[in-house]
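Remarks on the structure that follows.
Each reported figure results from applying straightforward, stated rules to the coordinates on display, with no laboratory input. Please read these numbers as outputs of a predicted model, since none were measured by experiment. Every residue, glycine as well, gets a Cβ built from its backbone with ideal geometry; the counts of neighbours run over all protein chains shown.
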Amino acid sequence: MRPYLHEFLAAAYAEYDIMIWSATSMKWVELKMGQLGVLNNPNYKITALLDHLAMITVQSDSRGVFDCKPLGLIWAQFPKYYDSTNTIMFDDLRRNFVMNPQNGLTIRPFRKAHSNRENDKELVKLTQYLLSAAELDDLSVLDHRSWESYIEDNSKRRRRV
């Protein structure tokens with residue numbers, strides 16, 4: 001489990017609906033989320049789980065053929081609740097949001113968990129970003145590629161005020 005997972009999800013839940021979308025099967029998603037204590041945590045709720053069946057195959061000149069996670073699937077199913085102005089997708093693979101690059105935020109993969117656990121603060125920083133972004137009416141105006149700079153700039157602005 002990535003450090004600060006439950007703290008991140010609890011903080012995000014205060015401002016956002018949370019969906020988990022994995023490139024694996026639903027059986028595996030449910031098993032892993034259950035083992036991690038995500039599905040029954042009293043501090044947050046998961047709105048939906050999506051698996052590889054909700055992904056589509058695309059072809060690009062630079063990347064070839066691959067599967068991606070089209071947010072349009074969620075937006076079309078629930079247009080009253082979700083659209084490009086209120087959705088951010090996190091993934092450690094940029095290609096997963098090739099259909100919605102403005103809504104995608106690439107995070108660092110969590111590798112070498114046994115030796116990297118104490119140093120990994122990705123979800124702590126991501127929490128700061130999400131809570132700062134929650135103040136906006138339209139999340140699509142953000143350039144999620146520079147999300148870490150946004151945290152620093154936002155904290156400097158708050159210190160000056």
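Summary of values
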quantity: Percentage relative contact order, region 5-160, counting C-alpha pairs under 8 Å, at least six apart; calculated: 20 percent
quantity: Region 137-142 - phi-based ³J(HN,Hα) in whole Hz, Karplus 6.51/-1.76/1.60, Gly and Pro as x; calculated: 7, 9, 5, 6, 7, 7
quantity: Amide H contacts under 5 Å for L50, placed H, 5+ residues apart; calculated: I20, W21, S22
quantity: Neighbour-count ranking [beta-carbon atoms within 10 angstrom, fewest first] of L126, L93; calculated: L93, L126
quantity: Helix-only mean residue ellipticity at 222 nm for the chain, each DSSP H run of n ≥ 4 adding -39500 (n - 2.57), per residue, nearest 500; calculated: -9500 deg cm²/dmol
quantity: Per-residue ³J(HN,Hα) for region 122-130, Karplus 6.51 cos²θ - 1.76 cosθ + 1.60, θ = phi - 60°, Hz, x for Gly and Pro; calculated: 4, 6, 5, 5, 5, 4, 4, 4, 4
quantity: Per-residue ³J(HN,Hα) for region 83-96, Karplus 6.51 cos²θ - 1.76 cosθ + 1.60, θ = phi - 60°, Hz, x for Gly and Pro; calculated: 7, 5, 7, 10, 10, 10, 10, 9, 7, 8, 10, 4, 4, 5
quantity: Inter-label distance for L53 and M26, nm, one decimal - labels placed 7 Å from Cα along Cα-to-Cβ; calculated: 0.4 nm
quantity: Packing-based exposure ordering (other Cβ within 10 Å, fewest first) of W147, W28; calculated: W28, W147
quantity: Debye, to nearest 20: dipole size of the chain, +1 on Lys, Arg Cβ, -1 on Asp, Glu Cβ; calculated: 460 debye
